[in-house]
1. For the chain, what is the relative contact order in percent, using Cα pairs closer than 8 Å and at least 6 residues apart in sequence?
2. Rounded, prolate or oblate: which one fits region 1-125, using the alpha carbon gyration tensor with axes a ≥ b ≥ c (rounded when a/c is under 1.5, else prolate when a/b beats b/c, else oblate)?
3. Report the calculated FRET efficiency for residue 314 and residue 50 (r = Cβ-Cβ distance, R0 = 30 Å), to the nearest 0.05.
4. Once you sort the root eigenvalues of the Cα gyration tensor of region 143-310 as a ≥ b ≥ c, which label holds: rounded (a/c under 1.5), prolate (a/b larger than b/c) or oblate (the other case)?
5. Can you give the % of DSSP beta bridges in region 7-99 that are antiparallel, to the nearest 5?
6. Can you sort 16, 73 by how many other beta carbons sit within 10 Å, fewest first?
7. Give the shape of region 156-214 as rounded, prolate or oblate, defined through the alpha-carbon gyration tensor: a ≥ b ≥ c are the square roots of its eigenvalues, a/c under 1.5 means rounded, and otherwise the shape is prolate if a/b is larger than b/c and oblate if not.
8. For the chain, what does the helix formula give at 222 nm: sum of -39500 (n - 2.57) over DSSP H segments with n ≥ 4, over the residue count, nearest 500 deg cm²/dmol?
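Where a number appears in this text, it was derived from the coordinates with a stated rule and is not lab data. Please read all numbers here as calculations on a predicted model, not as lab measurements. Counting neighbours? That spans all protein chains shown, and the Cβs are built from the backbone with ideal geometry, glycine included.
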Ligand code: KG4
């Protein structure tokens, strides 16, 4: 490997689903540059992500973003290339890893494969890293153990970050993810894609008690989630109302449906905080944009007297900033970490508690 002596910067590449993203991270000063190219408008036409189209878009997007990053003053100081190796769509991951391999070979840097879910998990600590005064470790220590809720279009996971930085999964969805439940609910009601923000907008005008949707809430010790029954219930309720009445009552349906999703998320996150004796609570992933959810978890953290750490809006969706940060967080003690570019593989199904 022949990265320039004294180089410490990280280049990160993310392409696991429908966002191409590149970031530059300087351990001393934080994220120096972040570039994202979203494909949402393209996939909206089809009501969901079309893998074949996503791959083609990454093929166009990644080189453009890398060209922009190459103009940054930190580029000559890159010492590691971090890349999302999974979980995600196989074709999309392959393109990202190929781009990282090419960059690693050109820059003479090792590659650090990153678990996308751990990127989300660590994303809530990016502002802690950027804060003053003291070192990051001094600021981090009082926040551990940390309970985190990761809610996105593909995942719903409750986890704890232990004092030794180990991440343990406490529960996850056994069927649909929370974002998926909102997206599918929106589709059923004839709203657009992605449905989460549209449901949230209509919910503001409706009554969350208008319809009584089921909450899958087994005992306190069970931190897994299930949203498929809720989705089925919405289908029957809307069909029972008939098309024009269901359309007229969309705000009430959205408000009640969203409340059912958020009730379950809030209750189980509360159990996780109690079970782990958490000293901070995090919220990450695309559904973390939901203001009602943020408000609920902020209240939950306040009731437990612990800080609430929501991911910054630019780090809720898929982004490379969180990939760079996760790579540095997990490998900063072992600076020699990293694989030869040629040997990095993809891992389309990777649980939160495993590193690639
Ligand atoms: O993290 P992300 O990009 O998901 C994956 O790639 O898996 O987040 C996308 C998900 C979608 O399901 C979308 O509907 C949801 O996040 N989402 C929201 C909001 N904004 C995005 N859900 C509820 N309220 C929002 N404001």
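1. So the answer I get is 25 percent.
2. Values: a/c = 1.91, a/b = 1.76, b/c = 1.09.
Prolate is the answer for region 1-125, as a/c is 1.5 or above and a/b outweighs b/c.
3. The calculated FRET efficiency here is 0.75.
4. Prolate, since a/c reaches 1.5 and a/b exceeds b/c.
5. Details: 13 of 18 bridges.
Around 70 percent antiparallel, to the nearest 5.
6. In increasing order of surrounding Cβ atoms, one gets 73, 16.
7. Judged from the Cα gyration tensor, region 156-214 comes out prolate (a/c at least 1.5, a/b above b/c).
8. -13500 deg cm²/dmol
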